[in-house]
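The values are calculated or read from the model by the stated rules, or taken from the named source; none is laboratory data. Please read all numbers here as calculations on a predicted model, not as lab measurements. For neighbour counting, all protein chains shown are included, and Cβ atoms are generated from backbone atoms with ideal geometry for every residue, glycine included. What goes into the accessible areas is simple: the full protein's heavy atoms, side chains included, and nothing from ligands, DNA or RNA. Shrake-Rupley method; radii C 1.70, N 1.55, O 1.52, S 1.80 Å.
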Amino acid sequence: MSHADKIFKQNCRDILEKGVWDTDLAVRPHWEDGTPAHTVKKFGIVNRYDLQSEFPILTLRRTYFKTCIDELLWIWQQKSNNIHDLRGHIWDSWADENGSIGKAYGYQLSVKHHYPEGDMDQVDRVLYDLKHNPASRRIMTNIYNFQDLHEMALYPCAYSMTFNVSGNTLNAILNQRSQDMLAANNWNVVQYAVLVHMMAQVSGLQAGELVHVIADAHIYDRHVPIIEKMLEKEERDAPKFRIDPSVTDFYQFTRDSFSLEGYDPQPFEDKIPVAI
């Protein structure tokens, strides 16, 4: 049965049973009708996913695999901050009239920095070090740039990746300041699991473990009934992840370079409201 489902269920039970509500505080997020969007949260969740054993996609409900990859490539490969470059519409609520989300996400990864080896952006520096300096303990990215926060439509939620090579295995830590458990948790897990596989393949390594560190893991008030129904569902078998083995250049991956075999999630009819 899916280990990712088990982790998700345990996280949600912990939040619902032991979490802290913010209903006595003024909060920034709101629902489409203007009502404040309150949450129950748990601080400091750490989840570990062995990418050799299983691809960590939920079977309790469908996670839209290809759309996850579209956004991943938009940020990490295209390094774009404009929704007109993105197939989906998940960023529409935060974009301006020109489609820009400001100096956020892909923009931060595209900024070049000067190194002795030449000028590189953060993604290219990771790719360089994985090939030339695999023993380094400095292989990481960070898009939480304080000097640009005021020019971002939304502060980065998943903001930092640390890559670490152990033998022939690439492991990584994803740091996240805030996580909407229902709408975004597995979405991010799937994306960064794929990213580790991508980075590993083009660096001649095997994908190992993804560690997901969440500072504020929360469930929105209007999501609680949906989560409670999901907790009653049985997990199904995790699918097999496939990546095109012929791709050796990070920038040559496309959405069609990845597929899942045997993905059969539980039916899910609820519409998930999104707090903005």
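Select, from Tyr144, Tyr155, Tyr159, the only residue that is aromatic (Phe, Trp, Tyr), touching a helix residue (DSSP H, G or I) at 6+ places or on another chain (Cβ under 7 Å) and open to solvent by 10 Å² or more (accessible area, probe 1.4 Å).
Working: Tyr144 fails: touching a helix residue (DSSP H, G or I) at 6+ places or on another chain (Cβ under 7 Å); Tyr159 fails: touching a helix residue (DSSP H, G or I) at 6+ places or on another chain (Cβ under 7 Å).
After ruling out the rest, the residue left standing is Tyr155.
For the range 129-141, how many residues meet the condition of being open to solvent by less than 20 Å² (accessible area, probe 1.4 Å) and charged (D, E, K, R)?
Step one: filter the range 129-141 for residues open to solvent by less than 20 Å² (accessible area, probe 1.4 Å), giving 129-130, 139, 141.
From what is left, the residues that are charged (D, E, K, R) are 129.
Qualifying residue count for the region: 1.
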- Kindly indicate which of Glu209, Glu228 is farther than 26 Å from Ala172 by Cα and open to solvent by 40 Å² or more (accessible area, probe 1.4 Å). Glu228
- Counted residues, the range 21-55 - those being part of a strand (DSSP E or B), surrounded by fewer than 18 Cβ atoms within 10 Å (Cβ to Cβ) and either within 24 Å of the chain's Cα centre (by Cα) or on the phi > 0 side of the Ramachandran plot (or both): 6
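Of the residues Tyr107, Tyr155, which single one is more than 19 Å from Val213 (Cβ to Cβ) and aromatic (Phe, Trp, Tyr)?
Details: Tyr155 fails: more than 19 Å from Val213 (Cβ to Cβ).
Matching residue, one of Tyr107, Tyr155: Tyr107.
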- Item | Of all residues in the range 65-79 being touching a Leu at 6+ places or on another chain (Cβ under 7 Å) and touching a residue at least 40 places away in the same chain (Cβ under 8 Å), the one that is nearest to Ser110 (Cα to Cα) | Lys79
- Task: Output yes when any residue across the range 245-260 is open to solvent by less than 70 Å² (accessible area, probe 1.4 Å), farther than 24 Å from Val27 by Cβ and of a type in the set (A, V, I, L, M), and no when none is.
- Result: yes
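Kindly indicate whether any position in the range 102-112 is open to solvent by 30 Å² or more (accessible area, probe 1.4 Å), within 30 Å of Ile227 (Cα to Cα) and either part of a helix (DSSP H, G or I) or touching a residue at least 40 places away in the same chain (Cβ under 8 Å) (or both).
Looking only at the range 102-112, we keep the residues that are open to solvent by 30 Å² or more (accessible area, probe 1.4 Å), and these are 103, 107, 110-112.
Filter once more, so that each one left must be within 30 Å of Ile227 (Cα to Cα): none.
Checked the range 102-112: no residue is open to solvent by 30 Å² or more (accessible area, probe 1.4 Å), within 30 Å of Ile227 (Cα to Cα) and either part of a helix (DSSP H, G or I) or touching a residue at least 40 places away in the same chain (Cβ under 8 Å) (or both).
On the basis of being open to solvent by less than 70 Å² (accessible area, probe 1.4 Å), touching an Asp or Glu at 6+ places or on another chain (Cβ under 7 Å), part of a loop (DSSP other than H, G, I, E, B) and modelled with pLDDT of 95 or more, does Ser80 make the cut?
Numbers: open to solvent by less than 70 Å² (accessible area, probe 1.4 Å): yes; touching an Asp or Glu at 6+ places or on another chain (Cβ under 7 Å): no; part of a loop (DSSP other than H, G, I, E, B): yes; modelled with pLDDT of 95 or more: yes.
For Ser80, the condition - open to solvent by less than 70 Å² (accessible area, probe 1.4 Å), touching an Asp or Glu at 6+ places or on another chain (Cβ under 7 Å), part of a loop (DSSP other than H, G, I, E, B) and modelled with pLDDT of 95 or more - is not met.
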- Does the range 213-233 include one or more residues that are farther than 30 Å from Val20 by Cβ and either at pLDDT 95 or above or not polar (S, T, N, Q) (or both)? no
- Ile173 is checked against (1) open to solvent by 20 Å² or more (accessible area, probe 1.4 Å); (2) assigned to a loop (DSSP other than H, G, I, E, B) and fails just one. What number does that condition carry? (2)
- Pairs, first farther than 21 Å from Gln176 by Cβ and in a loop (DSSP other than H, G, I, E, B) in the range 131-154, second of a type in the set (A, V, I, L, M, F, W, C) and open to solvent by less than 90 Å² (accessible area, probe 1.4 Å), C-beta under 6 Å, six or more apart: Pro134/Val165
- Message: For the range 118-128, check the following and say yes or no: at least one residue is surrounded by 16 or more Cβ atoms within 10 Å (Cβ to Cβ), of a type in the set (Val, Ile, Thr) and either at pLDDT below 95 or assigned to a loop (DSSP other than H, G, I, E, B) (or both).
- Response: no
- Message: Exactly one condition in (1) surrounded by fewer than 18 Cβ atoms within 10 Å (Cβ to Cβ); (2) assigned to a helix (DSSP H, G or I) is false for Val189; which is it?
- Response: (1)
